[in-house]
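Working notes, structure below.
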Amino acid sequence: MMKIRGIAHRGYPALLPENTLVSFRKACELNFSHVELDVQLSKDGVPVVFHDFTLDRLTDGSGSIRDYTLQQLKRYRVRGSEEIPTLEEAMNALKGRADVFIELKQAGDLYPGLEAAVLEVLYRTGTRDQSCVTSFDHYAVERTRTLDDRIRLGLISSGSMPYVFPFMKEIRADYLFTQFRYFSPLFYERMLEEGIVPGPWPVETQEQMEIVASLYPASLITTDHLERWAEFYRNRRQLWPT
């Protein structure tokens, strides 16, 4: 079965509860090459997979993730049905099945020790080589590099940042994930010149997919709509590099 070159954003959130084991497994069943997930720390220091800083939008609970122990977090259900997984549970489910982009939900000093805690899980589960650590907090990515000389790294941004390339070279980051609306042929070509993998997000509509295929074919897109992208990718397989 053909691998679908793309990043399943939080698993398959258009169909299943985001950042849950069932969502990650569905992405693997659809043969996506990459899965993205978000990591925070529980009150007792356990890396848990959850996007929002609070429970309110996605669960029957309320309040900040950081104020609950793992045991307490496990009582809540994402979209009424699924447990909040630990990073260890998620990585064990994804082991050997897809590369994983781990977004650190760091924000300044919100989670002291988050970077080290995430790396420890990757070492313990034997999944470091299939993982890449990313974040909007570029200090967190830099700290990750000081802790591990080999882990793959990526930066996330909401806008185009031509000044970021020297920093990426310094920390040896390979991926730059940028909001789709800020992509341009100039920015895209600069990434390729610098040896960076372009990562537009989110790519959801047929129109956006057509733009990627025609202007940014070397990109590694991020999408919530896995089956839509899979069909599009299979039908235009010759446009993408092997």
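Tabulated data
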| read-out | value |
| --- | --- |
| Where a residue in segment 201-226 is within 17 Å of L37 (Cβ to Cβ) and its partner, wherever it lies, is of a type in the set (D, E) and in a loop (DSSP other than H, G, I, E, B), with Cβ under 7 Å and at least six apart | P202/D224; T223/E204; D224/E204 |
| Every residue from segment 30-59 that is basic (K, R) and in contact (Cβ under 8 Å) with a residue 12 or more places away in the chain | K43 |
| Where a residue in segment 100-115 is under 25 Å from R5 (Cα atoms) and its partner, wherever it lies, is among the charged types (D, E, K, R) and surrounded by 23 or more Cβ atoms within 10 Å (Cβ to Cβ), with Cβ under 9 Å and at least six apart | V100/E36; F101/E36; I102/E36; E103/E36; L104/E115 |
| Subset of segment 14-49 (residues that are among the polar types (S, T, N, Q) and either at negative phi or open to solvent by 10 Å² or more (accessible area, probe 1.4 Å) (or both)) | T20, S23, N31, S33, Q40, S42 |
| Residue within segment 118-129 that is of a type in the set (F, W, Y), in a loop (DSSP other than H, G, I, E, B) and open to solvent by 50 Å² or more (accessible area, probe 1.4 Å) present | no |
| In segment 67-115, the residues that are among the small types (G, A, S) and under 15 Å from the mean Cα position of the chain (by Cα) | A90, A98 |
| Among (1) open to solvent by 70 Å² or more (accessible area, probe 1.4 Å); (2) more than 20 Å from the chain's Cα centre (by Cα); (3) among the hydroxyl-bearing types (S, T, Y) - the single one S184 does not satisfy | (1) |
| Among the candidates A173, A230, A218, residue that is more than 25 Å from S23 (Cα to Cα) and either open to solvent by less than 10 Å² (accessible area, probe 1.4 Å) or of a type in the set (F, W, Y) (or both) | A173 |
| Some residue of segment 75-83 being in contact with a strand residue (DSSP E or B) (Cβ under 6 Å, 6 or more places away or on another chain), open to solvent by less than 40 Å² (accessible area, probe 1.4 Å) and either assigned to a loop (DSSP other than H, G, I, E, B) or of a type in the set (V, I, T) (or both) | no |
| Set G11, G63: member being small (G, A, S), at positive phi, surrounded by 24 or more Cβ atoms within 10 Å (Cβ to Cβ) and free of Cβ contacts under 8 Å to residues at least 40 places away in the same chain | G11 |
| Helices (runs of 4 or more DSSP H) (entirely within segment 139-242) containing at least 2 residues that are modelled with pLDDT of 95 or more and in contact with a Lys or Arg (Cβ under 8 Å, 6 or more places away or on another chain) | 165-171, 206-215, 226-235 |
| First in segment 15-29 and more than 16 Å from V48 (Cβ to Cβ), second anywhere and buried (at least 24 other Cβ atoms within 10 Å of the Cβ), Cβ under 6 Å, 6 or more apart | L16/S23; K26/Y12; A27/A8; A27/G11; A27/Y12; A27/V35 |
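The values are calculated or read from the model by the stated rules, or taken from the named source; none is laboratory data. The structure presented is a predicted model; accordingly, all values stated were derived computationally and were not measured. Cβ atoms come from the backbone with ideal geometry, glycine included; neighbour counts cover every protein chain shown. Areas reflect the complete protein model, heavy atoms only, side chains present, ligands, DNA and RNA absent. Shrake-Rupley method; radii C 1.70, N 1.55, O 1.52, S 1.80 Å.
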